[in-house]
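Student: Can you keep this structure in mind? I'll have questions shortly.
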Amino acid sequence: MSEILRLTEAYVKYGDIPALSGVSLTAKQGDMIFITGANGSGKSTLTKAIAGLLPLSAGTLTRTPRMSYVPQYEEGDRDFPASVREIVLTGTQRPGNFFHTKADRQHAEAAMNALGISGLADSEIRTLSGGQLRRVFLARAVCGQPELLLLDEPCAGLDAQTHETLFTILRGMLAEGCAVVMVTHDISDIDGIPEGRVIRISAGRILTHE
Amino acid sequence: MNDFLGLITYPFVYRALIAGAMISVCAAVLGVVLVLRHYSLIGHGLSEIGFASLSLSSALGIPPMYIATPSVIAASFIIIHISRKHETSGDTAIAVASSAALALGIAVSSLSGTASNMSAYLFGSVLAVSDADMWLAVVLSAAVIGAFIVLYNRLFLITYSEPYARSLGINTAMYQVIISVLTALVVVAGMRITGTLLISGVIILPAVSARIIARGFRSLVIIAGAVSLVAFIAGLGLSFVVNIPAGAGVIIANAAILIITRIFGGRP
């Protein structure tokens, strides 16, 4: 199995305040990694650093460019005039490809179908509930056919049925070689999760690898 | 009506019509991105920098576009850079730059004795549109619309969520530069017809009207372009009928469409 992600002795600071201190992490094809810890422990900072949204003040990051990221809170405007299909299709964009292919559209339709939002494809995102919007962002991440999937608290706002749908999708992606890194507040709260490594962090440092 | 149609046979009228229609459509399309990215004021700031450039070029006897084009593009970089590095001071940067530029333009034109020529640039004039201006507007507009079509998916992604675009490995800073250059080109191309004081309205108002009735990004872009074209033709006609500057007529038509859209076309 080839390596998808290697983070070595990573440090991240917000101003002078350290948020990550010497964190190392590797992931290979098909790895499932859970990152857990208390509020403010650095979980989201770690995923943002892996996503390339926060610069490392020290350390190195090497990862596949085929990565999809589902943030804990969407940065986009909730009232943005866009349909569900338009948002999901953005997940297929990569540097160098400017136009959506037929395959991109098929992946987007398949992802919306898998997450049960096909009926909302032409709806404006401003009309969706929080849980429906969460499924849109998951569909967007899935349809990009990533080699690395970063999920920051993906279960927040999802009902039990959508949990199960998400985990079914994740199992399929893991079987196809996608590595998944999932941040979750409390892993014991989630039933039926795929098996994987658990990394507990506190105050920006890794406490345990299980 | 017949009088207005008869006017189209005059060369200065069809030059203004062709140049204005092209600029109106590309300004509105670009305006969608600027409004949604909360850069609505940048067109206003750039147009007043354009006015200062035109004053300077008039005083020096240099063709206006030679100074206006590079200086407006440079100013767009500076304003966007300040807005991105210090988010809360973006509007302040535009206000400072635009008021200083307007004052500089007025001072230069007063000292050089060219102040009487400046009203055409401030308020717009169809009489001022030469063949060269018309072709410049056509080429610049075609370039802006062509770039928008090619980069449509990317501009949509970056406009919706720049952090998400960055996570996909998209060079968002480069696209910000492209947006800045396109905005500067539209401002320069449109200053002759609508005037430096009103070109920002041509960029922003159609997008604001279209946002009231559009149901998605693609429809927003198409409706904004259509609204702008209709408002330009109506505004140009109005300017002939009641004898007011073309820029004022176009903005009045745009404002009327916005009010009508707000009253009758509100989103549920």
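The values are calculated or read from the model by the stated rules, or taken from the named source; none is laboratory data. Please read all numbers here as calculations on a predicted model, not as lab measurements. Positions of Cβ are generated from backbone atoms using ideal geometry, with glycine treated the same way; all protein chains shown enter the neighbour counts.
Student: Is it true that A:Leu174 is surrounded by 16 or more Cβ atoms within 10 Å (Cβ to Cβ), under 24 Å from A:Ser24 (Cβ atoms) and touching a Gly at 6+ places or on another chain (Cβ under 6 Å)? Can you show your working first?
Tutor: Numbers: surrounded by 16 or more Cβ atoms within 10 Å (Cβ to Cβ): yes; under 24 Å from A:Ser24 (Cβ atoms): yes; touching a Gly at 6+ places or on another chain (Cβ under 6 Å): yes.
Judged against the criteria, A:Leu174 is a match.
Student: Here is a further query. For B:Arg215, only one of the following conditions fails: (1) part of a helix (DSSP H, G or I); (2) in contact with a strand residue (DSSP E or B) (Cβ under 9 Å, 6 or more places away or on another chain). What is its number?
Tutor: Failed condition: (1).
Student: Within the group A:Leu56, A:Leu46, A:Leu25, which residue is in contact (Cβ under 8 Å) with a residue 12 or more places away in the chain and either in a strand (DSSP E or B) or acidic (Asp, Glu) (or both)? Step through it out loud before you land on a result.
Tutor: Values: A:Leu56 fails: either in a strand (DSSP E or B) or acidic (Asp, Glu) (or both); A:Leu46 fails: either in a strand (DSSP E or B) or acidic (Asp, Glu) (or both).
Within the list A:Leu56, A:Leu46, A:Leu25, the selection yields A:Leu25.
Student: Has the stretch A:35-50 got any residue that is out of contact with any strand residue (DSSP E or B) (no Cβ under 6 Å at 6 or more places or on another chain), of a type outside the set (Ser, Thr, Tyr) and more than 17 Å from A:Asp152 (Cβ to Cβ)?
Tutor: Scanning the stretch A:35-50, I find no residue that is out of contact with any strand residue (DSSP E or B) (no Cβ under 6 Å at 6 or more places or on another chain), of a type outside the set (Ser, Thr, Tyr) and more than 17 Å from A:Asp152 (Cβ to Cβ), so the answer is no.
Student: Considering only residues that are of a type outside the set (Lys, Arg) and either surrounded by fewer than 19 Cβ atoms within 10 Å (Cβ to Cβ) or in a loop (DSSP other than H, G, I, E, B) (or both), which ones fall in the stretch A:87-108? Before the answer, list the steps.
Tutor: Quick first cut of the stretch A:87-108, residues of a type outside the set (Lys, Arg) only: A:87-93, A:95-101, A:103-104, A:106-108.
Within the stretch A:87-108, A:Gln93, A:Pro95, A:Gly96, A:Asn97, A:Phe98, A:Phe99, A:His100, A:Thr101, A:Ala103, A:Gln106 qualify.
Student: Continuing with this model, one more query. Restricting attention to the stretch A:109-124, does a residue exist that is part of a helix (DSSP H, G or I), touching a Pro at 6+ places or on another chain (Cβ under 9 Å), surrounded by fewer than 22 Cβ atoms within 10 Å (Cβ to Cβ) and within 14 Å of chain B (Cβ to nearest Cβ)? Outline the logic, then answer.
Tutor: Filtering the stretch A:109-124 down to residues part of a helix (DSSP H, G or I) leaves A:109-114, A:118-120.
Imposing the further condition that a residue be touching a Pro at 6+ places or on another chain (Cβ under 9 Å) reduces the set to none.
Checked the stretch A:109-124: no residue is part of a helix (DSSP H, G or I), touching a Pro at 6+ places or on another chain (Cβ under 9 Å), surrounded by fewer than 22 Cβ atoms within 10 Å (Cβ to Cβ) and within 14 Å of chain B (Cβ to nearest Cβ).
Student: Which helices (runs of 4 or more DSSP H) does the stretch B:1-106 wholly contain that include 1 or more residues that are crowded, with 20+ Cβ neighbours inside 10 Å and modelled with pLDDT of 85 or more?
Tutor: Once the helices (runs of 4 or more DSSP H) in the stretch B:1-106 are filtered for at least 1 residues that are crowded, with 20+ Cβ neighbours inside 10 Å and modelled with pLDDT of 85 or more, what remains is B:11-36, B:42-60, B:64-85.
Student: Right, here's the next one. Name the single residue, out of those in the stretch A:91-108 being without any contact (Cβ under 8 Å) to a residue 24 or more places away in the chain and among the charged types (D, E, K, R), that is farthest from the other protein chains (Cβ to nearest Cβ).
Tutor: Within the stretch A:91-108, the match that is farthest from the other protein chains (Cβ to nearest Cβ) is A:Lys102.
Student: Specify which of the listed residues (A:Ala103, A:Ala108, A:Ala82) is farther than 26 Å from B:Val33 by Cβ and modelled with pLDDT of 90 or more.
Tutor: Just a single option satisfies the conditions, and that option is A:Ala103.
Student: What are the residues in the stretch A:32-72 that are within 12 Å of chain B (Cβ to nearest Cβ) and on the phi > 0 side of the Ramachandran plot, if any?
Tutor: A:Gly52
Student: Next question, about the same structure. Looking only at the stretch A:81-90, which residues are in contact with a strand residue (DSSP E or B) (Cβ under 9 Å, 6 or more places away or on another chain) and at the interface with chain B (Cβ under 8 Å from one of its Cβ atoms)?
Tutor: Of the residues in the stretch A:81-90, the ones in contact with a strand residue (DSSP E or B) (Cβ under 9 Å, 6 or more places away or on another chain) are A:81-84.
Passing the criteria: A:Pro81, A:Ala82, A:Ser83.
Student: So, one more: For the stretch B:152-197, name all the residues that are at positive phi and away from chain A (no Cβ under 14 Å).
Tutor: Of the residues in the stretch B:152-197, the ones at positive phi are B:169, B:195.
B:Gly195, the sole residue that qualifies.
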